[in-house]
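Contents: one structure, followed by commentary.
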Amino acid sequence: MPEPKQAPMNVLFITADQWRGECLSARGHPTVRTPNLDALAKDGVLFRNHFANTAPCGPSRASLHTGMYLQNHRSATNGTPLDARHTNWAKEAARIGYDPVLFGYTDTSQDPRAEDPESPWLLTYEGPLPGIRPICMMGTWPTPWTDDLKKRGYEVPADIRYAYGHRAPGPEYEDGAAVPRPLVYPNEVDDTAFLTNRLMEYIGDATKPFVAHLSLLRPHPPFVAPEPYNAMYDPENVPGFARRATVEEEAAQHPWLEHQLGRKLFRAPADEKKLRRLKAVYYGLMSEVDAALGRVFAFLKETGRWDNTLIVFTSDHGEQMGDRWLLGKCGWFDASYHIPLIVRDPKPAADGTRGTVVDRFTENVDIMPTMLDFIGAETPVQCDGKSLMPFLRDGKAPANWRREAHWEYDFRDPADDSAEKRLGLTLHQCTMNILRGDRYKYVHFTHLPPLFFDLEKDPHEFENLAAKPEYLPLVLEHAQKLLSWRMNHDEQTLTHIALTDDGPVERKAARY
């Protein structure tokens, strides 16, 4: 008998901005509750050791969308153009007939060589990913959402950028209020609800297989949540902070950390009550995202799309949230790069792996190959990552799978040379590379001293062992591993092709 006809396959690719990897109740987090993502993990695969490849948003999303390490795509900062010659998952999906669509943002800095000189996308780093069709695009300027609020009779700030953090009147928690001040708008109409509603409208009207990217801002700052999520977690009961007793002791670990802690933008507030309020609201925003995604998952089931839709949930990077006296995302810290990843493959071939947890190291560069593998598109040579489909179908890692996670942080700022002056660097020396294994982490700077940590003995990375004689063999081993990794992942788009008397000869091969 002929095989039953396969239903058209859809892809729902979800990112929630700035979400720390341990913050899922499925991971046993002591405070935050995420029942809908827990259910997704139970019906899919949870990747416990998943890492972003860089930070902040723009560079990290460049890696996420192109499958390339920063060393190759070179969109190093928010605003560094992404070279137009690189392809991405949206372009590749479009090649085989899909219409990739966007709800939210991709933070793609456009290549000025490929744009009209008068293009508005040259005035912002928040451009759309080439090849994607924005249906509801909103980032710093949430115009579709604020327009909707106005239609509903709500007032919005004159500068609509502040709508995300527009709080109800009254004192703040650290000034005596019983709970953190809520967003002035009800959770039924806030930015998270607005975007997920628009996504469901699109899916409900779709007559062809879809590939949709839902890019939610939350739990990214401003740390202001609508009721009841503002009061869901008691600031006094959130976990404490992994840091030295004082900022000065923390800063003494390394010149770069001293510089970073000297920047007001990245310094955590000295008022611990305020910091606890920020963390409690951060968790509340996660629970709100979880509830919104629960509505999306229920909608997929109600409309008969649950069993033909690949769902990928991850983030672009994490959040320090007071650890090491820092806010935001930066440096070599796990808190900034360890992020969640849950993938639900709807096909029967994945039934044997549902509810499993993968401990092998996975990275954001693996997302593009995975989605393309699922829809039957070829993975471009440019991709540094590999498809995760073997984990979803076979439940085990392919041969030669990576044994460490890798990331790169570029702290250059073309508009500000303070780091260069303070650290004695040039613009192009403001970089660090990280190799993070099960036990050891090695941090290499272009022109500053290295760092080496024993994570088994020192999980918070307080003691730098790089200069201790007994650790020098391990430091050398990891420096060589890092060098080999970079060499192995040098850009190679055309290196598998040779021009011969018989014309171009091509032979593709795995990177590792």
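Is the shape of the stretch 18-145 rounded, prolate or oblate, going by the alpha carbon gyration tensor and its root eigenvalues a ≥ b ≥ c, with a/c under 1.5 for rounded and a/b larger than b/c for prolate? Could the numbers behind the result be given before it?
Values: a/c = 1.85, a/b = 1.80, b/c = 1.03.
Taking the square roots of the gyration eigenvalues as a ≥ b ≥ c, the stretch 18-145 is prolate.
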Ordered by residue, what ³J(HN,Hα) values in Hz, to whole numbers, does the stretch 78-83 give under the Karplus form 6.51 cos²θ - 1.76 cosθ + 1.60, where θ = phi - 60° and Gly and Pro are x?
5, x, 6, x, 8, 3
With a point put 7 Å past each Cα toward its Cβ, work out how far Thr446 is from Thr207 in nm, to one decimal.
5.3 nm
Here the relative contact order (percent) of the stretch 419-503, from C-alpha pairs under 8 Å and at least 6 apart, is 17 percent
Expected 222 nm ellipticity per residue - DSSP helices of 4 or more, -39500 (n - 2.57), all of the chain, to 500
-8000 deg cm²/dmol
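If you restrict to DSSP beta bridges whose two residues both lie in the chain, what percentage is antiparallel, to the nearest 5?
55 percent
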Placed amide H near Val358: partners under 5 Å, 5+ positions off or other chain
Leu46, Phe47, Arg48
Obtain the nm distance between the two label points defined at Trp401 and Arg439 by a simple spin-label model: each point lies 7 Å from its Cα along the Cα-to-C-beta direction.
2.1 nm
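Taking Cα pairs under 8 Å and at least six residues apart, what relative contact order does the chain come out at, in percent?
On the way: 1023 pairs, mean separation 113.5, N = 512.
Relative contact order of the chain: 22 percent.
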As I understand it, the dipole of the chain uses +1 on the Cβ of Lys and Arg and -1 on the Cβ of Asp and Glu, about the Cα centre. Which of Thr140, Phe266, Leu465 lies farthest toward its positive end?
Leu465
Mind checking which of Pro219, Ala419, Pro35 is farthest towards the positive end of the chain's charge dipole, using Cβ charges of +1 (Lys, Arg) and -1 (Asp, Glu) about the Cα centre?
Pro35
Roughly how many whole Å is it from the C-alpha centroid of the stretch 375-435 to that of the stretch 88-107?
22 Å
Would you work out the Kirkwood radius for the stretch 10-396? I mean one over the mean of 1/r across all pairs of different Cα atoms, in Å.
21.4 Å
Using a 7 Å offset from the Cα along the Cα-to-Cβ direction at both Glu155 and Glu249, what is the distance between the two label points in nm, to one decimal?
4.8 nm
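Taking the Cα centre as origin and putting +1 on Lys and Arg beta-carbons and -1 on Asp and Glu beta-carbons, what dipole magnitude results for the stretch 10-396, to the nearest 20 debye?
Details: 43 positive and 51 negative charges, 84 e Å.
Once rounded to the nearest 20, the dipole reads 400 debye.
Ratio of the stretch 228-276's C-alpha Rg to 2.2 N^0.38 Å, to two decimals? If you can, show how the numbers build up before the last one.
Working: Rg = 13.6 Å, N = 49, 2.2 N^0.38 = 9.7 Å.
Against the empirical 2.2 N^0.38 Å value, I get 1.41 for the stretch 228-276.
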What are the ³J(HN,Hα) values, in whole Hz, obtained from phi via the Karplus relation 6.51 cos²θ - 1.76 cosθ + 1.60 with θ = phi - 60°, for each residue of the stretch 417-425 in sequence order, with x given for Gly and Pro?
9, 5, 5, 4, 5, 6, 9, x, 10
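None of the figures in this text is laboratory data; all of them are computed from the coordinates on show. All figures in this text were calculated on a predicted structure; none of them were measured in a lab. A quick note on method: Cβ atoms are made from the backbone with ideal geometry, for glycine too, and the neighbour counts reach across all protein chains shown.
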